[in-house]
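Each value in this text was obtained by applying a stated rule to the coordinates, not by laboratory testing. Remember, it's a predicted structure, so these values are computed and weren't measured experimentally. Note that each Cβ is placed from the backbone with ideal geometry, even for glycine, and that neighbours are counted across all protein chains shown.
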Amino acid sequence: MTRYIFLRDSVGRLLDENPVVEAVGVESPPFGEQWSEGLYALFLMVTEAVYLRRKDVVYFDPGTVKMLAKGDPRLRPGKMFKADMVDAARADTGIKGKFNHNEADAYHIARFAARFWDLYHGRLEAEHLTPSEQQAFVKIHTFVRGKQAGKTVHQGALFKENKRFFRFSLLP
């Protein structure tokens, strides 16, 4: 427990020392067979630090982070593994030196959180999103067959306020 408190306080200090930070991105823990009590505890502690400082937050599940890092899934088929995430971060940043998979994940989450918040605030137009960003942020699906024919479902994160993103800055 002490480790999680230390990490929560470290995130809080970072936010306190950088007051220009308005919003953040956080990787949400996996559920299902990869669920872990430790990852969920860390998620709660980080969320508490963000909430207490009234910073807006968008959450990305691990699969979405990999899909976003992949870019256009039509151009790069297959799964993204840890080494692929590192390679994608290196290619995007131009960093040739040491870059571990945790740093690569953090880079991708920060990058796509910034893109999400730019889209949300109108500083980025939807037509300038990559295909993966389109799917993750603004996907709308209309059923054409079956019992739900004609029904439209807003699947992108932009339509999931208080589920995938939170505007803690609006709270008193």
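Some values worked out for this structure:
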item	result
Lone qualifier among Phe143, Phe99 - being surrounded by 12 or more Cβ atoms within 10 Å (Cβ to Cβ), touching a Lys or Arg at 6+ places or on another chain (Cβ under 6 Å) and over 25 Å from Phe43 (Cβ atoms)	Phe143
Answer residue from region 149-171, given it is assigned to a helix (DSSP H, G or I) and more than 13 Å from the chain's Cα centre (by Cα) and is surrounded by the fewest Cβ atoms within 10 Å (Cβ to Cβ) among those	Leu170
Checklist (1) within 17 Å of the chain's Cα centre (by Cα); (2) surrounded by fewer than 12 Cβ atoms within 10 Å (Cβ to Cβ); (3) not polar (S, T, N, Q) applied to Ala91, failing item	(1)
Given (1) assigned to a helix (DSSP H, G or I); (2) closer than 27 Å to Leu170 by Cβ; (3) of a type outside the set (A, V, I, L, M, F, W, C); (4) under 14 Å from the mean Cα position of the chain (by Cα), index of the condition Glu48 fails	(4)
Which listed residue, of Arg123, Arg111, Arg115, is part of a loop (DSSP other than H, G, I, E, B) and either hydroxyl-bearing (Ser, Thr, Tyr) or out of contact with any strand residue (DSSP E or B) (no Cβ under 8 Å at 6 or more places or on another chain) (or both)	Arg123
